[in-house]
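The structure appears right after this line, and notes come after that.
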Amino acid sequence: MRSSKLASLSAQIASATGRARPLIALDMLWCSVRHEAAFQDYFDWDFFALSARERRTFMTHPKSNHLAQKLNAVAHRQQFSDKCRFNARFSEYIGRDWLDLRAASDEELEAFLRAHERVMAKVPDSLGGDGVESFVAASALTDVASFRSDRLARRQFLLEEFLAQDPEMARLCPTSVNTLRIVTFRDGDEVRTLVRVLKMGNGGDVDNFSGGGMYTILDADGLARYPAFDEFGGVFSAHPLTSTSIVGFSVPQWDAVERLTDALAREVPEIPYVGWDIAITPEGPVVVEGNYNTGVFQLKPTATGIRTGLLPVYREAIGF
């Protein structure tokens, strides 16, 4: 409920639509109460253009948070919220070397840097790609002690081998590992997929929506049928950096992606509602992280003509 967010987003909508800014702001406040729509939700999914009936079909971040708090056991959440613990718990599926700087010796750190051309430094409990940086290992090796102290000062305790992605995924944006967010709900022995998302970077190290990236929704066969969009309302049928067509893009190794996601969803039954980030390497898909309090992803109505959200899909699968 940040007033600065309300002011900036209502001004942007008013400028694009020609509507009165105060009326837009009032409607945003109304939707935050009536539909539990965050201000960014209202902006991303074009609530200003939707009827009351259409608005009621949209999943929102507060609603997703309710589900996460209700369904996912508190005692098991740290296996997902701490990236170091996640890597240890899901070591069978991560497909990369990693190091916890808090526990590694100087010799182990130097050996790790020598073994990998490029590494990622991460804050273990960060969200949205905050604190994630990539480094050329050779530059770090010139002064390993300073590299360690700088990372520790920024709480970048986790170092990971930089994943080489499938060349088809790299065609979208080569600067970041472009991942999939697949949200699942485990109901007993059945794993239900709620949404399949293709995320892309836009020149930075990460593909996160809040970090300058963009996303679109995939169908059940891993095909992108609609344009992607970013946090600022930009809509892209082709990637702005590479000109690779987003509409019609088919995710490679899709059968393997589905098998991996199903296996991951069965690992921790106490956390049945998860958004999995999947990277696709030349050797096969791997898991980057699991989000027990996953973000929400839906199509943008003004970019796609699809004016209904995924709340009915969530309700049918979860039964709330």
Does PHE320 fit the bill of being crowded, with 20+ Cβ neighbours inside 10 Å, outside the structural domain of THR17 (by TED's automatic domain parsing) and in contact (Cβ under 8 Å) with a residue 40 or more places away in the chain? no
If we keep only residues of the range 231-251 that are among the aliphatic types (A, V, I, L, M) and over 17 Å from the mean Cα position of the chain (by Cα), then the residue farthest from PRO301 (Cα to Cα) is LEU241
Could you pull out the residue among VAL274, VAL288, VAL235 that is surrounded by fewer than 18 Cβ atoms within 10 Å (Cβ to Cβ), assigned by TED's automatic domain parsing to the domain that holds ASN178 and in contact (Cβ under 8 Å) with a residue 40 or more places away in the chain? VAL235
Does PHE112 satisfy the criteria of being free of Cβ contacts under 8 Å to residues at least 24 places away in the same chain, within 24 Å of THR175 (Cβ to Cβ), aromatic (Phe, Trp, Tyr) and not in a loop (DSSP other than H, G, I, E, B)? no
Could you say whether any residue in the range 52-72 is loosely packed, with under 13 Cβ neighbours inside 10 Å and closer than 23 Å to ALA303 by Cβ? yes
Hey, among the residues in the range 92-103 that are touching a Phe, Trp or Tyr at 6+ places or on another chain (Cβ under 7 Å) and without any contact (Cβ under 8 Å) to a residue 60 or more places away in the chain, which one's surrounded by the most Cβ atoms within 10 Å (Cβ to Cβ)? LEU101
Within the range 140-156, does at least one residue satisfy the condition of being acidic (Asp, Glu), farther than 30 Å from PRO269 by Cβ and in a helix (DSSP H, G or I)? yes
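From the list ASP106, ASP82, which residue is free of Cβ contacts under 8 Å to residues at least 60 places away in the same chain, of a type outside the set (Ser, Thr, Tyr) and surrounded by 15 or more Cβ atoms within 10 Å (Cβ to Cβ)?
ASP82
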Which condition does ASP125 not pass, out of (1) surrounded by 18 or more Cβ atoms within 10 Å (Cβ to Cβ); (2) assigned to a loop (DSSP other than H, G, I, E, B); (3) in contact with an Asp or Glu (Cβ under 7 Å, 6 or more places away or on another chain), if it passes all the others? (1)
Residue that is surrounded by 17 or more Cβ atoms within 10 Å (Cβ to Cβ), closer than 22 Å to GLY129 by Cα and of a type in the set (Gly, Ala, Ser), where the choices are ALA14, ALA25, ALA38, ALA88: ALA38
Would you check if ALA228 is surrounded by 15 or more Cβ atoms within 10 Å (Cβ to Cβ), of a type outside the set (Phe, Trp, Tyr), within 24 Å of ALA49 (Cα to Cα) and within 17 Å of the chain's Cα centre (by Cα)? yes
If you check ALA138 against the conditions, is it surrounded by fewer than 20 Cβ atoms within 10 Å (Cβ to Cβ) and modelled with pLDDT of 95 or more? no
Return a yes/no flag: does the range 243-257 have any residue that is at pLDDT 95 or above, assigned to a strand (DSSP E or B) and within 30 Å of SER15 (Cα to Cα). yes
Name the residue that is nearest to ASN208 (Cα to Cα), counting only residues in the range 149-194 that are basic (Lys, Arg) and out of contact with any Ser or Thr (no Cβ under 6 Å at 6 or more places or on another chain). ARG181
Within the range 198-231, residues being assigned to a loop (DSSP other than H, G, I, E, B) and under 22 Å from SER126 (Cα atoms) number 11
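The values are calculated or read from the model by the stated rules, or taken from the named source; none is laboratory data. These figures come from a predicted structure and were not determined experimentally. When we count neighbours, we look across all protein chains shown, and the Cβ atoms used for this are built from the backbone with ideal geometry, even at glycine.
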